[in-house]
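Novice: Sharing a structure, written as C-alpha cells. Questions coming.
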C-alpha cells in the first residue's frame, strides 16, 4: 500500500499558506492515486473496450477527472483558456447508465492513452498553478474559488471509486494485480446474523454552510425526524447469508421482486449477485470477482447487490421469518449510526472501519470492524437505503455544479450510506449522501431492519410542468419587473374591503380559482378558515403539499433548456400559521358542491374569463355568501373561445349596437343581489415565462356587497 | 309641400339660448318630417312586410331613429334610464345588407304601429327635455353633449333618405300618395350629353374640428391631390342615355361587367335599372317607380343605378366611343365641383339644386339645374365615385359612434357624392362623404368622365391581422406599461455605439428583421441610407406604406371583440425626412442576397431566436459589414423548436456538461471576426395584446465591432 491517503482538509484555519500546502498535497495525492488505479489495466485495449455496454470505456474516465478541473475552473473564472478543446469536449460528460440509446460509439474517436497521460500532466500543472497562485482566504466558503478546487478533487475521488467498480466489471484479461491495490486475504464462514434493538430517537440530518468540511449541495439544509424503535441486523448481509436466498431460488421467484426489480432481472438475466462467479472447480462452486482477480468465495464478506436485489432478499427474509424485514430508510440509517457510533467514527488513522483506503483494496469480513453492538456501521461496502434521494429543506444547487444532484431528484435514485473500502474524502463522511439508480452496482450491499413502520417517503421531485411551475413562481416566487406579488395584493385588498364594507365577521373566506393557493394562505392571516378551490387538481396539489410540508420545489426555464432550481417555504413567507387554517379542494366554480356556503368573503381572482359558464357562476354566487358578505372579483377580461364559448361571454362585444364591456355585464348580472362598493381598480400581475420573457397584465378589480 | 325644412345649424354663435331654440326646432322638424314619410304607407301591413328581403321591415326604421337618440344619450351620460329596454333592444341595430344569413324573422316579434308611435312620443319628450335642460356652450365641440344631440338629428335625416328608398322598393299596394311628398311633374326627352374640359388643379379635402358645421368622423382630417386635366359629361346620365346601354343588350353581355358586377347581376337577375318598370302599355314600354306611384318614364331624369351598373355602362360607353370612359374618383368629383361651383352652392332657399327637399319628392330633369357649364354638380341624385371610401389623414372615430364609418373601410364600399332631392342637413353639404356597398341602391346615379389616368386607389382598410397590428403598435404606438419605445431605443443605442466605436462613417445601415420598420426610420435620422429587411412581406408592407403615405392605420383588440382604431403618422414621430432614406425589402437573414453588403452598421433586434439557421447568419454577417463596422444584436434568447430546430440553437443548453448560454455561443461564433465592445445590456420591450394584457420582455443587447 502507498503512504496514507490524505483525509478531507478542514475549510477553516488561521494560516492560509499552510492551507494552500495542504490543498496542494490533497490534490496531487488524489491525482496520483487516480492514475495509479489505471495501472490495474493490463494493456491499452483495456482502456477502449467497455466493461459494461451502457458506459463509456475507461479511457473516458481517465481523461474526465482532469477535464472536470479545467471546465469548472473556467466556469468559476479561475482560468481563461482551455488546454485542449477537442479532448475537453470528449471528456466532458459521462453517460447516464439508463439511457442506452444515447451511447453511439461512432461519435467517439478516442485519443491514445499516451495523449491522455500528456493531457493529464498539463491539467495537473494548471491545477497546481491555480492552487499556488489564487488568493486564499479562510475559511473557504461555498462561493470561494477554492471551493471549486475542492470540488475538482472530491469529484476525482468519486471517480476513483466508480472507476474501480468498472475495473471490477472488466474482463479478467484486461486487468493485472498491482501492489498498491491489494485485497484483504481474510475470509471464512459467514457469521450468524441477529437482530438488535435500536431504541426510538430523534435524528437531525443536514448541515449549514458554516460546517468546516467541503460538501455537495444535497448535504446542506435541514431535516429532522422522530424515529420509533426498530430492530436492525448486527451485520451487513454476508455472501453466506445471501446464498440462502440464491439457493432457495430467490432469483427465479418473481413473488419476491417488485415490478421494477422483476423488469431489471429479466432484462439483465440476473441469477446471482453480479460479482459472484460460478465456477464448478471452486469450493462451493462460487468465486468472487475483486479488482484484478477472482478469489475463492469469502462467505463472511458483505454481499454486493443493487437495491432491487436487496429488496428481493428482504421480501424473501420476511416470508421466511414472518417479520417485517426491509431496508432502512435514510433516517433509520442515521438513527442506527447515532445509536451505535455516538459522536461518529473516531478520526483515527488507520480508521476503525474498512474506509479511506486505510486497509485493503477490497471488502473484508462483516464482523471485522465492530461499532458498538453492530459492525460496519460505516465502511466495507455502501448500504442501500429504502429512501429515494431528496433535497433537505433549504436545498440550493451550487452555481458551479448545478446538476450534481438535482437530476437525481426523480424518485428513481436511492440513497446509499456509510461508504466502502475505497470511499475517501467527502465520501467517507457519514453526512455524505450519494444516490444511484436502484438497478445500478457499486461496492454496495445492505443491512436489513425489522420494523412495522413504513419507511418515510419524502417528496423529492422538482415540479417541472411548465404551467404548474409558472404558477408556483407567480404565487410564491420573486417579484418580477418590480410588480408586487399579485395573490398577496389581492388578499390584502380583500381584507381591507372586508374591514371597510364587510359584515364584521372573519369566520369563513372562499378563494375560488385559488390555483396554487397563495391568496388562500394570505387570507388565512385574517380569516379563521379559508377554503381554496380550483378546477386544476395539479394546482391544488401544490397548495396541499405546501400546507402539509411547508415547502415546495420547482424548476424554472431560464434560457432555452437551461433551468434554475427553486425552493419556497411558508415559514419564509410568514405563512406557517396560516397553513392549518386553509383547506384545498378540487372543484368547479360553475358547479360548486352544496356544502360550500355561508362565507363572509369570496375572492375570485383571474377566474371569470377562464370559466365555461361565467354567467351561471355570477348568477348563483350570492347564495354562497352570508347576507352583507363581499365578493371580490378580479379579471383582465381576456375572453377566449378556447375557454369560454362566445355566447357565454359576459361582455367585450357590441350589444344593441353599442360597446358592452365586461364591467357592464357584471353590473347587469350582479346588480340583482349586489351593490358595487369598490373599483374598478386595475391590479397588475406578472407571470414569468423565462428569465427574460413575462406576461404582464392588469386585472380589473371590483368589490361587491351582497345586499341583506 | 310643408314649410321649408330647416338647414344644418351652425355650431357657433354668441347666444346659446337662441341656439337652443334653433336646435329644438331642428330636432322637432326632423322628427316630424320622418313621421310624415311613414304616412306614405297605405296600411299597417306595409310596416311589417319587407320591401326587400335583406333588410328589416319599415316598422324597425320607424322605431330605430328614436331609439338611436336614447342609446347615444345614455352612452354620452345625458340620460340615466332607458324608456323601454325591450323595444330599444329590437330597434338598436339594422342589418348589413350583405349578410343574408343574419336576418332571422323568427327572432322578431315586432310591436304594433300604435305602440311605436307612443314610444316615439316618449322619446321625443326625452330629447326635447335634454335639449331644453342640458347646459349649452358655444361653439359646440366634438366632445360636447350637444354633438350627440346633433348626431341623433343628422342620423334621423340619413334614415329619412334611406327609408324613402325602401318605400320606393315597396309594393305599390302598400303606398299611397301624400300631399307632402309630391314628385316633379316635368319630364321630356333626354338632352344630348357632351364632354366638357375640366382643367388640371389641386383639390383639398377634409376639414378640421373648428369647422362650424356638424360632420361625421370620416369628413375630418386632411387629403390633398393634384388632379390632371380630364373631361366630364355635362349632365348626369339620364334614363334616356342609359337606355342605349339597355337596348344594346348591356345587361346580357358579361364583357361590360367586372367580376363583382357579373356576380351581382346573376344573383339579382338584373336586366334593367331597379326603379324601371317594364310596362307594355306605357309609352316606350317603360315606367319609373317613384315614392308612391309609377309614372311614364321621364327620359330626361337621371338614371338610378348601383355602382356596378354604372361601371358597366362606362365600359360599354368606352367600347362605343373608343374613349377611356369611367366613373370619377372622389378627388375628380371635387375638382369638377371646384371648377363648376367655385365657392360652393349659394346658400339660397330654395336652393339652386334639387336638394334639401326644397323642390320635389323626386328627381327632376338632368338639365334643370345648371352649375357653371355643368348641371347637377350637386343634388338630384347621388353620384357614384370610383373611389372606395377611406379615412383621411388624421381620421379618428367619434367615441359615441365608433362604428359609423370604420366598418366601411373595407374596399367594398364606394363613395357617393353630391346628395339627392331628399338629402338634407349634413347630407346636403358637399363635404359630406357617404359610402355604400357597390351593389346597393340609393337615389343615386352617376356622371362619367374621360381620362387616361387611372383613378387613385387610396388604402382604406385598417390593418386587423392580430400580429401585424401588434407590431404596428409595438413600433409606432403608445408607450405601454411605462416602457420606452423599443425600436427607437435600439436605434439610439446603435447610433450611440456608432459614435463611440464605429468606423466614423454614416453611409449605410442595415436593419435586419426590421418587422414594421420603426428602427429603420429612426436609424435614418443618422445614416444616409437604411435598408430594412424582414422575412415577413406583411410586415415589410407596413413599413413601405408608411414610407410612401406617411401614415398607417390599424385596429387593436381592447376587450373580447371590442377594438380601438389607431392612426400613426411619420410626421408626428418626426420621421418624415427619414422616409426618403429608407428602403424595405423582403428577405431571409439566413440567406441574404449578394447585394446587401458594405454596411457601416447592422442592427439585428429580436431576430436570432426566430431564425431557422442562426449560426449560418452569425458566421456570415461579418462579410456584410465594412471593416470596423458594428453589429448590434438584441435578443431575449427565447429559443423555441417551432422557429429554430434544437440543433441550431446558439446556446441555452448544457454543453460538455456545463450551462452554455446564448451569449457564450455568440462569443464563440462571432469571436473570429468581431470584438465585443458593449453589453450585454438588457433592453425591455412590451407588446400589447389587449387593453390589459401584454408581453413584457428583456432583450439582451450586445455590440460587436468587426476587426479590420
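Novice: Among the residues of region A:674-690, which ones are more than 20 Å from residue B:689 (Cβ to Cβ), modelled with pLDDT of 95 or more and buried (at least 18 other Cβ atoms within 10 Å of the Cβ)? Give the derivation first.
Specialist: So the first thing to find is which residues in region A:674-690 are more than 20 Å from residue B:689 (Cβ to Cβ), and the list is A:674-679, A:681.
Those left that are additionally modelled with pLDDT of 95 or more: A:674-678, A:681.
Across region A:674-690, the qualifying residue is only A:674.
Novice: Being surrounded by 15 or more Cβ atoms within 10 Å (Cβ to Cβ) and within 14 Å of another protein chain (Cβ to nearest Cβ) is true for just one of B:551, B:578, B:635. Which residue is that?
Specialist: Exactly one of B:551, B:578, B:635 is surrounded by 15 or more Cβ atoms within 10 Å (Cβ to Cβ) and within 14 Å of another protein chain (Cβ to nearest Cβ), namely B:635.
Novice: Taking only region A:549-590 into account, find how many residues are out of contact with any strand residue (DSSP E or B) (no Cβ under 9 Å at 6 or more places or on another chain) and under 19 Å from residue A:632 (Cα atoms).
Specialist: 1
Novice: Does residue A:328 fit the bill of being surrounded by fewer than 24 Cβ atoms within 10 Å (Cβ to Cβ), modelled with pLDDT of 95 or more and within 30 Å of the chain's Cα centre (by Cα)? Break it down into steps so the answer makes sense when it comes.
Specialist: Numbers: surrounded by fewer than 24 Cβ atoms within 10 Å (Cβ to Cβ): no; modelled with pLDDT of 95 or more: yes; within 30 Å of the chain's Cα centre (by Cα): yes.
When the stated conditions are applied, residue A:328 does not pass them.
Novice: Before we move on, is residue A:620 surrounded by fewer than 23 Cβ atoms within 10 Å (Cβ to Cβ), part of a strand (DSSP E or B), more than 10 Å from every other protein chain (Cβ to nearest Cβ) and on the phi < 0 side of the Ramachandran plot? Steps first, please.
Specialist: Values: surrounded by fewer than 23 Cβ atoms within 10 Å (Cβ to Cβ): yes; part of a strand (DSSP E or B): no; more than 10 Å from every other protein chain (Cβ to nearest Cβ): yes; on the phi < 0 side of the Ramachandran plot: yes.
Taking the combined requirement at face value, the residue does not satisfy it.
Novice: Mind counting the residues in region B:639-668 that are part of a loop (DSSP other than H, G, I, E, B), crowded, with 21+ Cβ neighbours inside 10 Å and at the interface with chain A (Cβ under 8 Å from one of its Cβ atoms)?
Specialist: Going through region B:639-668 one residue at a time, the tally reaches 5.
Novice: Just one of (1) more than 14 Å from chain B (Cβ to nearest Cβ); (2) crowded, with 19+ Cβ neighbours inside 10 Å; (3) in a strand (DSSP E or B) trips up residue A:565, so point out which.
Specialist: For residue A:565, the failing item is (1).
Novice: Could you list, in sequence order, all residues of region A:433-453 that are outside any strand (DSSP E or B) and in contact with a strand residue (DSSP E or B) (Cβ under 9 Å, 6 or more places away or on another chain)?
Specialist: Just the residues of region A:433-453 that are outside any strand (DSSP E or B), to begin with: A:433, A:438-443, A:446-448, A:451-453.
Of everything in region A:433-453, those that are outside any strand (DSSP E or B) and in contact with a strand residue (DSSP E or B) (Cβ under 9 Å, 6 or more places away or on another chain) turn out to be A:433, A:438, A:440, A:442, A:443, A:446, A:447, A:448, A:451, A:452, A:453.
Novice: Identify, from the list B:679, B:629, the residue that is more than 8 Å from chain A (Cβ to nearest Cβ), over 43 Å from the mean Cα position of the chain (by Cα), assigned to a strand (DSSP E or B) and at positive phi.
Specialist: B:679
Novice: The conditions are (1) crowded, with 24+ Cβ neighbours inside 10 Å; (2) part of a helix (DSSP H, G or I), and residue B:515 fails exactly one of them. Which is it?
Specialist: The failed condition is (2).
Novice: Mind listing whichever residues of region A:673-686 are touching a residue at least 60 places away in the same chain (Cβ under 8 Å) and more than 20 Å from residue A:519 (Cα to Cα)?
Specialist: A:677
Novice: Which condition breaks for residue A:472 when tested against (1) in a loop (DSSP other than H, G, I, E, B); (2) touching a helix residue (DSSP H, G or I) at 6+ places or on another chain (Cβ under 7 Å)?
Specialist: If we test residue A:472 against (1) in a loop (DSSP other than H, G, I, E, B); (2) touching a helix residue (DSSP H, G or I) at 6+ places or on another chain (Cβ under 7 Å), just (1) comes out false.
Novice: Step by step: first the residues of region A:245-296, then only those that are under 30 Å from residue A:178 (Cα atoms) and exposed (fewer than 14 other Cβ atoms within 10 Å of the Cβ), then the one that is modelled with the lowest pLDDT. Which residue is that?
Specialist: A:283
Novice: So residue A:81 clears everything in (1) touching a strand residue (DSSP E or B) at 6+ places or on another chain (Cβ under 9 Å); (2) within 14 Å of another protein chain (Cβ to nearest Cβ) except one condition, right? Which one?
Specialist: All conditions pass for residue A:81, except number (1).
Novice: A further question on this structure: Can you pull out the residues in region A:687-699 that are assigned to a strand (DSSP E or B) and either free of Cβ contacts under 8 Å to residues at least 12 places away in the same chain or within 7 Å of chain B (Cβ to nearest Cβ) (or both)? Don't jump to the end; show me each part of the working.
Specialist: Kept after step one, since they are assigned to a strand (DSSP E or B), are these residues of region A:687-699: A:687-688, A:693-699.
Of everything in region A:687-699, those that are assigned to a strand (DSSP E or B) and either free of Cβ contacts under 8 Å to residues at least 12 places away in the same chain or within 7 Å of chain B (Cβ to nearest Cβ) (or both) turn out to be A:693, A:694, A:695, A:696, A:697, A:698.
Novice: Tell me yes or no: at least one residue of region B:477-485 is farther than 21 Å from residue B:682 by Cα and in contact with a strand residue (DSSP E or B) (Cβ under 8 Å, 6 or more places away or on another chain).
Specialist: Within region B:477-485, one or more residues are farther than 21 Å from residue B:682 by Cα and in contact with a strand residue (DSSP E or B) (Cβ under 8 Å, 6 or more places away or on another chain).
Novice: Something else about it: Could you check how many residues of region A:218-242 are farther than 30 Å from residue A:398 by Cα and in contact with a strand residue (DSSP E or B) (Cβ under 8 Å, 6 or more places away or on another chain)?
Specialist: Residues of region A:218-242 that are farther than 30 Å from residue A:398 by Cα, as a first pass: A:227-242.
Going one step further and asking which of them are in contact with a strand residue (DSSP E or B) (Cβ under 8 Å, 6 or more places away or on another chain), we end up with A:227, A:229-239.
Result for region A:218-242: 12.
Novice: So, one more: Considering only region B:26-77, state which residues are farther than 20 Å from residue B:113 by Cα and within 14 Å of another protein chain (Cβ to nearest Cβ).
Specialist: B:71, B:72, B:73, B:74, B:75, B:76, B:77
Novice: Checking residue B:354 against (1) buried (at least 20 other Cβ atoms within 10 Å of the Cβ); (2) in contact with a strand residue (DSSP E or B) (Cβ under 9 Å, 6 or more places away or on another chain); (3) assigned to a loop (DSSP other than H, G, I, E, B): exactly one of these is not met. Which one?
Specialist: So the condition that residue B:354 fails would be (2).
Novice: So which residues in region B:357-406 are within 14 Å of chain A (Cβ to nearest Cβ) and in contact with a strand residue (DSSP E or B) (Cβ under 8 Å, 6 or more places away or on another chain), if there are any at all? Show your work before the answer.
Specialist: Our first condition is that a residue be within 14 Å of chain A (Cβ to nearest Cβ); within region B:357-406, this holds for B:397-404, B:406.
Within region B:357-406, B:397, B:402, B:403, B:404, B:406 qualify.
Novice: Looking at region B:262-280, which of its residues are within 17 Å of residue B:442 (Cβ to Cβ) and within 31 Å of the chain's Cα centre (by Cα)?
Specialist: Our first condition is that a residue be within 17 Å of residue B:442 (Cβ to Cβ); within region B:262-280, this holds for B:264, B:268, B:270, B:273-276.
Selection gives B:264, B:268, B:270, B:273, B:274, B:275.
Novice: Here are the criteria: (1) in contact with a strand residue (DSSP E or B) (Cβ under 6 Å, 6 or more places away or on another chain); (2) on the phi < 0 side of the Ramachandran plot; (3) at pLDDT below 95. Tell me which single one residue B:411 does not satisfy.
Specialist: (2)
Novice: Looking only at region A:536-547, how many residues end up being touching a helix residue (DSSP H, G or I) at 6+ places or on another chain (Cβ under 8 Å) and surrounded by fewer than 18 Cβ atoms within 10 Å (Cβ to Cβ)? Spell out the reasoning first.
Specialist: First, the residues of region A:536-547 that are touching a helix residue (DSSP H, G or I) at 6+ places or on another chain (Cβ under 8 Å): A:538-539, A:542-543, A:546-547.
Right, trim to surrounded by fewer than 18 Cβ atoms within 10 Å (Cβ to Cβ) and you get A:538.
Of the residues in that region, 1 qualify.
Novice: Count, please, the residues in region A:397-423 that happen to be in a loop (DSSP other than H, G, I, E, B), in contact with a helix residue (DSSP H, G or I) (Cβ under 8 Å, 6 or more places away or on another chain) and within 23 Å of residue A:329 (Cα to Cα).
Specialist: 6
Novice: Taking residue B:609 as meeting all but one of (1) farther than 16 Å from residue B:520 by Cα; (2) part of a helix (DSSP H, G or I); (3) under 27 Å from the mean Cα position of the chain (by Cα), write down the number of the exception.
Specialist: Result: residue B:609 fails condition (3) only.
Novice: Would you mind listing the helices (runs of 4 or more DSSP H) fully within region B:40-154 where at least 3 residues are modelled with pLDDT of 95 or more and closer than 22 Å to residue A:659 by Cα?
Specialist: Numbers: elements: B:45-48, B:58-75, B:85-90, B:113-133.
In region B:40-154, B:58-75 are the helices (runs of 4 or more DSSP H) which contain 3 or more residues that are modelled with pLDDT of 95 or more and closer than 22 Å to residue A:659 by Cα.
The values are calculated or read from the model by the stated rules, or taken from the named source; none is laboratory data. It should be emphasised that the depicted structure is a prediction, and the values quoted were computed from it without experimental measurement. Positions of Cβ are generated from backbone atoms using ideal geometry, with glycine treated the same way; all protein chains shown enter the neighbour counts.
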